[in-house]
Amino acid sequence: MKTLIDLEKAYSPDLFKSAPIVITRGEGAVVYDLNNKPYLDMMSAVSVTNFGHAHPRLLRALFTQAGKISMTSRLCHSEILGQFLQRACELTGMDQAIPLNSGTEAMEAAIKAVRKWAYVHKGIAEDQAEIITFINNFHGRTIAVISASTEARYKEKFGPLTPGFKSVAYNDMAALTAAMTSNTAAVIMEPVQGEAGVIVPDAGYLKQCQALCQQNNVLLICDEIQTGMGRTGKLIACQHENVRPSAILLGKSLGGGLLPVSLFLGQRELMSIFSPGDHGSTFGGNPLAAAVAYEALNVLVEERLCENAEAMGCYFLSQLNNLHSPVIKQIRSKGLLIGLELDTSQISAADFSARLIENGLLNINTRNQVIRLLPPLMITSQQIDSAISIIKTVC
């Protein structure tokens with residue numbers, strides 16, 4: 001194991017603080033290391049493996065399509081892409097979608113769409129469009145996207161940054177209202193801030209944001225890359241408040257945990273601003289990715305994984321609340337997006353996370369304060385009980 005880890009470190013720059021384990025295989029909600037030790041996977045590759053590992057329907061879709069054709073240029077049509085985009089649009093309430101590869105790519109497409117819409121439809125003077133984001137947001141790591149971040153370590157020594165962004169306090173309608181000007185083109189928000197430590201806004205906040213945007217002819221863009229695909233108990237988190245934003249970003253588990261797939265989906269008024277050559281992706285929408293993502297959406301609906309996420313999220317929360325541990329200051333959750341804020345005067349989040357992993361529970365140390373738990377959506381109550389037992393032992 002050490003040899004493999006050392007080899008990876010020797011040929012990869014120091015970008016990740018990885019746990020000292022080598023995962024070799026997985027099935028459902030469990031993964032195994034080189035020594036065949038099992039771990040309950042509540043990392044889910046940061047919400048990528050929402051369907052668990054080695055889901056038979058997704059593997060079948062992958063192998064079947066790979067045996068036919070895996071790649072064509074968008075300069076040709078494929079038999080599966082239209083079906084995939086139709087399914088995604090119907091499930092999310094959007095009109096059209098651009099297929100891409102990563103969540104960050106979807107965010108970049110959103111920025112371009114917002115800016116062109118601002119100049120073509122809203123009449124904002126050229127190069128004056130502003131986009132409002134939120135303090136502690138996370139939308140990716142490209143230059144344009146980190147320019148919208150408020151996290152200093154994501155931006156340090158990567159300037160000059162892209163202008164046109166301003167950030168306001170999350171879950172604060174007065175701050176958002178005060179930030180709007182005639183040059184405001186869009187508000188881009190996460191319905192729940194995951195990377196910030198699972199920050200769940202007040203009930204009705206998203207609905208209020210939508211109303212404010214509509215009053216000011218401003219686009220509302222919801223980044224559902226982590227909160228979408230059933231993670232919060234609805235297919236997209238917007239649906240908890242019956243909000244239909246101007247556009248939605250999907251990614252992560254859209255590829256079924258097998259391939260990188262993302263979508264930028266929007267209402268027709270916004271998507272109609274694009275012309276041939278405005279945007280594109282070499283691999284975006286390839287037949288292999290489209291076939292797997294199409295089946296992922298079908299599995300999500302037909303196996304009622306959103307409903308299971310809602311039910312198991314409630315069960316998990318009730319069991320966590322019964323721990324009554326002084327080590328855990330606060331528990332925040334929405335469906336199966338769960339954050340345990342620790343009293344770091346007693347134990348560091350890094351140490352707590354490491355001890356959970358040693359005891360067989362994969363998790364995410366978030367900003368050195370919060371343990372994020374993102375179990376696969378097909379998790380069972382028995383597996384949650386096992387997780388609770390491990391957490392209780394570490395506490």
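The values are calculated or read from the model by the stated rules, or taken from the named source; none is laboratory data. Just so we're clear, the structure is a prediction, and the values are computed from it rather than from any experiment. Please note: Cβ atoms are built from the backbone with ideal geometry, for glycine as well, and neighbour counts cover all protein chains shown.
Among the residues in the range 228-244, are any modelled with pLDDT of 95 or more, in a helix (DSSP H, G or I) and acidic (D, E)? Within the range 228-244 (the criterion being modelled with pLDDT of 95 or more, in a helix (DSSP H, G or I) and acidic (D, E)), the answer is yes, since at least one residue qualifies. When the range 128-143 is limited to residues that are more than 13 Å from Q193 (Cβ to Cβ) and crowded, with 18+ Cβ neighbours inside 10 Å, the one that is nearest to the chain's Cα centre (by Cα) turns out to be G140.
Please enumerate the residues belonging to the range 206-227 that are among the polar types (S, T, N, Q) and either modelled with pLDDT under 95 or not in a loop (DSSP other than H, G, I, E, B) (or both).
Going residue by residue through the range 206-227, those that are among the polar types (S, T, N, Q) are 208, 210, 214-217, 226-227.
Scanning the range 206-227 gives Q208, Q210, Q214, Q215.
Pairs linking a residue in the range 15-30 that is more than 14 Å from N365 (Cβ to Cβ) to a residue that is crowded, with 18+ Cβ neighbours inside 10 Å and of a type in the set (D, E, K, R), with Cβ atoms under 7 Å and 6 or more positions apart or on different chains, are G26/D41; A29/D41; V30/D41.
The set of residues in the range 116-147 being free of Cβ contacts under 8 Å to residues at least 12 places away in the same chain and of a type in the set (K, R) is empty. Of the residues making up the range 46-88, those that are hydrophobic (A, V, I, L, M, F, W, C) and crowded, with 19+ Cβ neighbours inside 10 Å number 10.
Among residues that are without any contact (Cβ under 8 Å) to a residue 12 or more places away in the chain and either buried (at least 24 other Cβ atoms within 10 Å of the Cβ) or aromatic (F, W, Y) (or both), Y154 is not included. Considering (1) on the phi > 0 side of the Ramachandran plot; (2) in contact (Cβ under 8 Å) with a residue 60 or more places away in the chain; (3) charged (D, E, K, R), the lone condition that E307 does not fulfil carries the number (1).
Every residue in the range 172-192 that is in contact (Cβ under 8 Å) with a residue 24 or more places away in the chain and over 23 Å from G103 (Cα atoms), please. Spell out how you get there, then give the answer.
As a first pass, look at the range 172-192 and keep what is in contact (Cβ under 8 Å) with a residue 24 or more places away in the chain: 173, 176-177, 179-192.
Across the range 172-192, the qualifying residues are M173, L176, T177, A179, M180, T181, S182, N183, T184.
Six or more apart or on different chains, Cβ atoms under 8 Å: show the pairs whose first residue is in the range 365-385 and more than 16 Å from L320 (Cβ to Cβ) and touching a residue at least 12 places away in the same chain (Cβ under 8 Å) and whose second is hydrophobic (A, V, I, L, M, F, W, C) and loosely packed, with under 14 Cβ neighbours inside 10 Å. The qualifying pairs are N365/A350; N368/A350.
Among the residues making up the range 250-296, a single one is closer than 14 Å to K112 by Cβ, aromatic (F, W, Y) and assigned to a loop (DSSP other than H, G, I, E, B): F274. Selection of the range 254-287 for residues being closer than 18 Å to L58 by Cβ, touching a Ser or Thr at 6+ places or on another chain (Cβ under 6 Å) and crowded, with 24+ Cβ neighbours inside 10 Å yields only S262.
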